[in-house]
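These notes concern the structure reproduced below.
The values are calculated or read from the model by the stated rules, or taken from the named source; none is laboratory data. Since the structure is predicted, the reported quantities are computational estimates derived from the model, not experimental observations. All Cβ positions, glycine included, derive from the backbone under ideal geometry; neighbour counts span all protein chains shown. Please note that ligands, DNA and RNA were not included when accessible areas were found on the heavy atoms of the full protein model with its side chains. Shrake-Rupley method; radii C 1.70, N 1.55, O 1.52, S 1.80 Å.
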Amino acid sequence: MKKFISNLVIFLIIVFLFNVVVFVFANDNYYKGYKEFPNKKYHSFIMADSHGMPLDQFAEKFEVYNFSSNSDSYFDMKRKINYLIENDYKVKTIYITVDGHTLSPYRDANNNTDKSIIYTSEINPDYIKEKYLKYYFPIFQLKVNPLFRSYMEHKIKNIFTDKSETSTDIIWSKLPKSEQVKRSEERVMGQFPTKNKSLKLEKTLLEIIDLCKTNGIELIGIKFPVSDTYLKILGCKNYGADQLFISNGLKVIDNESTFIKNDDYFGDQDHLNPKGGEAFVEKLLK
């Protein structure tokens, strides 16, 4: 019995120490950038997923805060809007993504609800699970573990690899057309896995529209620029967030084809690079 207890204590110590390591990693990597709260001097905001990230700090030039985050869904954006309203930010305008994929079923699970919980004041079982259990015990976080494993594999690989001989960076404009087509086809397949949109996301987007109307916030839909190759493969695929806006009398600024002649503005098939982000901000907000 004593041996069992001794082994159990050792096991728990190992688990605790491993959890500490993963916790530090999660804070420096997984949660990085998701603990920021906007300065109250801002009254206009951009909300989007990874497509809004290249706009980075360029929007600040126009006194607009870029509140975008990689993998954000309408669930997360609604929490952010509620946070701004509840904390008296005096919001005037919100530019929000209505790209064709934003109502995709894959966003039902591939989102940031475990992170955006910090912006909500509603206390319920999900709140406790997301804000405390998953945060302080990341070894049980299904999203963190694969990232940590990949991070460690990458670190180990670098030990035995000459960094001068390898590079994973791509320059979209330098890729052969065949590779551009391949990557664009893969992206479209991932973003549009089924014919049916997510009804949960559609409901949440309608709630965002009502929330903004109730609080006198101007809500403007934006469709981000994509590369010419991606746009041709995308065709008519669209889950209809933009049409939902139009049917509710809201403005949609469609910039999908804005830079189709400027491949050097893209980091990949459907994301701008910093150069493109700066150019897009100038066009959108000037």
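Data for the structure
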quantity: Total residues in segment 212-240, condition within 25 Å of H43 (Cβ to Cβ), surrounded by fewer than 16 Cβ atoms within 10 Å (Cβ to Cβ) and touching a residue at least 24 places away in the same chain (Cβ under 8 Å); calculated: 2
quantity: Segment 1-28, subset at pLDDT below 80 and either polar (S, T, N, Q) or not in a helix (DSSP H, G or I) (or both), residue surrounded by the most Cβ atoms within 10 Å (Cβ to Cβ); calculated: N27
quantity: Identity of the residue in segment 58-70, part of a loop (DSSP other than H, G, I, E, B) and either among the aliphatic types (A, V, I, L, M) or more than 21 Å from the chain's Cα centre (by Cα) (or both), that ends up surrounded by the most Cβ atoms within 10 Å (Cβ to Cβ); calculated: V64
quantity: Those residues of segment 190-240 which are within 24 Å of Y265 (Cβ to Cβ) and aliphatic (A, V, I, L, M), in sequence order; calculated: I220, I222, V226, L231, I233, L234
quantity: Criterion: under 23 Å from V98 (Cβ atoms), open to solvent by less than 10 Å² (accessible area, probe 1.4 Å) and in contact (Cβ under 8 Å) with a residue 12 or more places away in the chain - qualifying residue of S50, S44, S73; calculated: S73
quantity: Count - residues of segment 246-258 that are within 24 Å of G276 (Cβ to Cβ) and not charged (D, E, K, R); calculated: 5
quantity: Residue count, segment 88-119 (criterion: farther than 28 Å from N255 by Cβ and open to solvent by less than 30 Å² (accessible area, probe 1.4 Å)); calculated: 2
quantity: Tabulated pairs, segment 133-144, first within 12 Å of F25 (Cα to Cα), second open to solvent by less than 60 Å² (accessible area, probe 1.4 Å) and among the β-branched types (V, I, T), C-beta under 6 angstrom, 6+ apart or interchain; calculated: P138/V22; P138/V144; I139/V22
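For every residue, the table says whether it meets (1) over 20 Å from the mean Cα position of the chain (by Cα); (2) closer than 21 Å to E63 by Cα; (3) surrounded by 15 or more Cβ atoms within 10 Å (Cβ to Cβ).
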site: D242; (1), (2), (3): no, no, yes
site: F245; (1), (2), (3): yes, no, yes
site: G249; (1), (2), (3): yes, no, no
site: F259; (1), (2), (3): yes, no, yes
site: D264; (1), (2), (3): yes, no, no
site: D268; (1), (2), (3): no, no, yes
site: G276; (1), (2), (3): no, yes, yes
site: E282; (1), (2), (3): yes, yes, no
site: K286; (1), (2), (3): yes, yes, no
